[in-house]
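In what follows, a single structure is set out as structure tokens and then discussed.
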Amino acid sequence: MAAAVCLRAGVEAGADFVEIDVRVTRDGYVVLLHDSSLERMWEDPRDIGDVDWVDVAALGRSVGKDHRIPLLADALDAVAGTGSVLLIDMD
């Protein structure tokens, strides 16, 4: 996933801290997403908290680009064992 690649790039560049924003889907999945809605990136006016993970996971594939929303678990995997600190910002 693109976000995990960006996280790894930061870690490989020597970042001591990597900051991410997380939100929760309607069915309780914790995802990496700055905005509260899907409007800006996916032209979908819904709030992430009103959408189930299965629908969120399908976003980005329909436009032919890898703009999918990763899970927090993906970010944890990307920084595990690197010595970098993952700073999680939650609203």
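The values are calculated or read from the model by the stated rules, or taken from the named source; none is laboratory data. If you're wondering where the values come from, they're calculated on a predicted model, not measured in any experiment. Cβ coordinates were reconstructed from backbone atoms using ideal geometry, including for glycine residues, and neighbour counts include every protein chain displayed. Quick note on the areas: whole protein, heavy atoms, side chains included, nothing else; ligands and nucleic acids left out. Shrake-Rupley method; radii C 1.70, N 1.55, O 1.52, S 1.80 Å.
Under a model in which nothing but the beta-carbon of Lys, Arg (+1) and Asp, Glu (-1) is charged, the chain shows a dipole of about 280 debye around its Cα centre. Annotation for Asp91 and Ala9: the two label points, set 7 Å from Cα along the Cα-Cβ direction, are 2.5 nm apart. Net charge in the neighbourhood of Arg26 (other residues with Cβ under 15 Å of its Cβ; Lys, Arg +1, Asp, Glu -1) is -4. Summing Lys and Arg as +1 and Asp and Glu as -1 over all other residues whose Cβ lies under 12 Å from the Cβ of Val85 gives a net charge of -2.
Express in nm, to one decimal, how much length is gained between Phe17 and Glu39 on full extension, taking 0.36 nm for each residue of separation and deducting their alpha carbon distance.
Here the answer is 5.1 nm.
Calculate, for the chain, the solvent-accessible area per residue in square angstrom, rolling a 1.4 angstrom probe over the heavy atoms of the protein chains.
60 Å²
Nearest 10 degrees, 0 to 90: what angle lies between the long axis of helix 2-12 and the longest principal axis of the chain (Cα atoms)? So the inclination is approximately 10 degrees.
Across the accessible surface of the chain, with the other protein chains kept in place and a 1.4 Å probe, carbon and sulfur atoms take up 53 percent. For the chain, DSSP calls about 50 percent of its internal beta bridges antiparallel. Each Lys or Arg adds one and each Asp or Glu takes one away; over the other residues whose Cβ falls under 13 Å from the Cβ of Asp50, this sums to -3.
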